[in-house]
1. For residue 157, which sequence-distant residues (separation of 5 or more, or a different chain) have an amide H within less than 5 Å of its own amide H, given hydrogens modelled in the peptide plane?
2. Rolling a 1.4 Å sphere over the protein heavy atoms, what is the accessible area per residue of the stretch 2-184, to the nearest Å²?
3. Would you please report the Å³ per residue occupied by the convex hull of the alpha carbon atoms in the stretch 81-186?
4. Taking a temperature of 4 °C and a viscosity of 1.567 mPa s, what whole-number D in µm²/s does Stokes-Einstein yield for the stretch 1-89 with Rh from Kirkwood over alpha carbon pairs?
5. Between the DSSP loop rule and a limit of at most 16 other Cβ atoms within 10 Å, which GluC sites (Glu not before Pro) in the stretch 33-103 are left?
6. Regarding the chain, what whole-number volume in Å³ per residue does the convex hull of its Cα atoms give?
Amino acid sequence: MKRIGIIVGSLRGNSFNQMIANTIPELVDSAKYEYISIGNLPLYNADLDRGEGLDPVRHYREAIQKTDGILIVSPEYNSGIPGVLKNALDWASTPTKTAVLIHKPAGVIGATPGVKGTILSQQQIRQTLDATQSYVLPSQKMYISQVMEKIDSETRKLTDETTRKYLQRYVQSFIQWIDQVQRLSE
Ligand SMILES: Cc1cc2nc3c(=O)[nH]c(=O)nc-3n(C[C@H](O)[C@H](O)[C@H](O)COP(=O)(O)O)c2cc1C
């Protein structure tokens, strides 16, 4: 069974993106999932980035290391990547030669109450993952617009049937992508 790490780019208690992330395991139960938190990471500072480094950073990097791939589920802030997520990706991008994101399969998902589905944020996330030499699932995109109408605030899950099917297909494709990447590196 593939181990998939899920990183949510919002720290908000009632985050819609967290609700989308919470729905993934029930849509595709052929993988194991681990939610990797980013809220306790310090702001990136190269002075703190020495040796094994700080505990939260070490735990975070180890958590990514143990996965076969990571799914990023993130909002868009001011037409771009939320600062907390960029900070977390920067911490996973060093040390330069052994960083945990190098050759790591990655998928990108985003939800917004707005109508443009986090397109701009996802472009920047992909740009960052390209710089970290991660292998992002090509061509398929998972934009979720008007998310407030698609979730149940009681169960805190995605309930819109069409979106659930798209998300299921996206995650299934991501698992196939991990297989392809693993075969390439054999
Ligand atoms: C500082 C800030 C900037 C935002 N900019 C955008 C934006 O550019 N595009 C967008 O679709 N939504 C934008 N939003 C609205 C977010 O999509 C909305 O707050 C969303 O619920 C955040 O995701 P979350 O529910 O997972 O926390 C912004 C929200 C904040 C707080």
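1. Close amide H contacts, sequence-distant or interchain: 152.
2. I get 50 Å² per residue for this part.
3. On the way: hull volume 12.3 nm³, N = 106.
Convex hull volume per residue, Cα atoms: 116 Å³.
4. It comes out at roughly 93 µm²/s.
5. 52
6. Output value, Cα hull per residue: 113 Å³.
The values are calculated or read from the model by the stated rules, or taken from the named source; none is laboratory data. Everything numeric in this text was worked out from a predicted model, so none of it was measured. Here Cβ is always computed from backbone atoms with ideal geometry, including for glycine, and neighbour counts include all displayed protein chains. Quick note on the areas: whole protein, heavy atoms, side chains included, nothing else; ligands and nucleic acids left out. Shrake-Rupley method; radii C 1.70, N 1.55, O 1.52, S 1.80 Å.
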